[in-house]
1. What percent does the relative contact order of the stretch A:204-258 come to when contacts are Cα pairs within less than 8 Å and at least six residues apart?
2. Quick check on the stretch A:130-258: take the gyration tensor over C-alpha atoms, sort the square-rooted eigenvalues as a ≥ b ≥ c, and tell me if it's rounded (a/c under 1.5), prolate or oblate.
3. Normalised by the residues of chain A, what does the relative contact order come to in percent, with Cα pairs under 8 Å and at least six apart?
4. Helix A:142-152 versus the longest principal axis of chain A: what is the Cα-based angle in degrees, 0 to 90, to the nearest 10?
5. What is the ratio of the Cα radius of gyration of the stretch A:26-171 to 2.2 N^0.38 Å, where N is its residue count, to two decimals?
6. What is the Cα radius of gyration of chain A over 2.2 N^0.38 Å, N being its residue count?
7. With a 10 Å Cβ neighbour count serving as the proxy for reagent exposure, in which order, fewest first, do A:104, A:208, A:115, A:170 appear?
8. Once a ≥ b ≥ c are taken as the square roots of the eigenvalues of the Cα gyration tensor of the stretch A:12-77, is the result rounded (a/c under 1.5), prolate (a/b larger than b/c) or oblate (a/b not larger than b/c)?
């Protein structure tokens, strides 16, 4: 028996929005620790890693480990049938292993819906992600990062991110010319969410495909802040924390000079 | 022009 109840049901809408450009199907792994998902996009350039810890749910029961192969397009259709203030419960029954049920309850309990969705048999490839001490970790407002990625993609297909202790510089070039955006580390901020904080061991310069960074910024509604972890010649980690529950992380391989 | 790396070159399948 698996049952996970989320009072803040709209969180699932945000999570699906945050994966829609990268994944069409994925396996949700459920265990006593929580629900997780790890999947690469079809071109093997990026990886999505979601963690929702069991203690972040309003009720959680998972008697035995369960892997649910889910068509995310179908799940999105079903989750769209919920209202933003609905309580969502995800249920899977051991006697009926080919389906998952989503139950939506209005806050006053006057409307209760349930949708049963067919599960898929997916060949899941799991990647082992090594523990890495990153040379640079930048925390910045998620909306600012979204804006930078959007603006840079007006100029070119790639962005070069150069991070020093003074700040982070995003540069792009293309047929129309070049663009640079430099964001300094915050001197002092009243609100933690508005801060730009740089933790640095050594300066790093890396180039990434803007197409993917823009896909990652679909997660902006999940968190006020985003963190970018970088080391020379290894994939970038873009992390959006999901308050009291876990995270949505994206890994993107850097571009290299041919 | 820079070339896109494959993620699997960094993270092995487990």
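Nothing in this text is a laboratory measurement; each read-out follows from the coordinates by a stated rule. Keep in mind that what you see is a predicted model, and the values were worked out from it rather than measured. Glycine gets a Cβ as well: all are built from the backbone with ideal geometry, and neighbour counts include every protein chain shown.
1. 36 percent
2. rounded
3. In percent, rounded to a whole number, it is 21.
4. Tilt relative to chain A: about 60 degrees.
5. 1.35
6. 1.08
7. By the 10 Å Cβ count, ascending, the order reads A:115, A:104, A:170, A:208.
8. Prolate is the answer for the stretch A:12-77, as a/c is 1.5 or above and a/b outweighs b/c.
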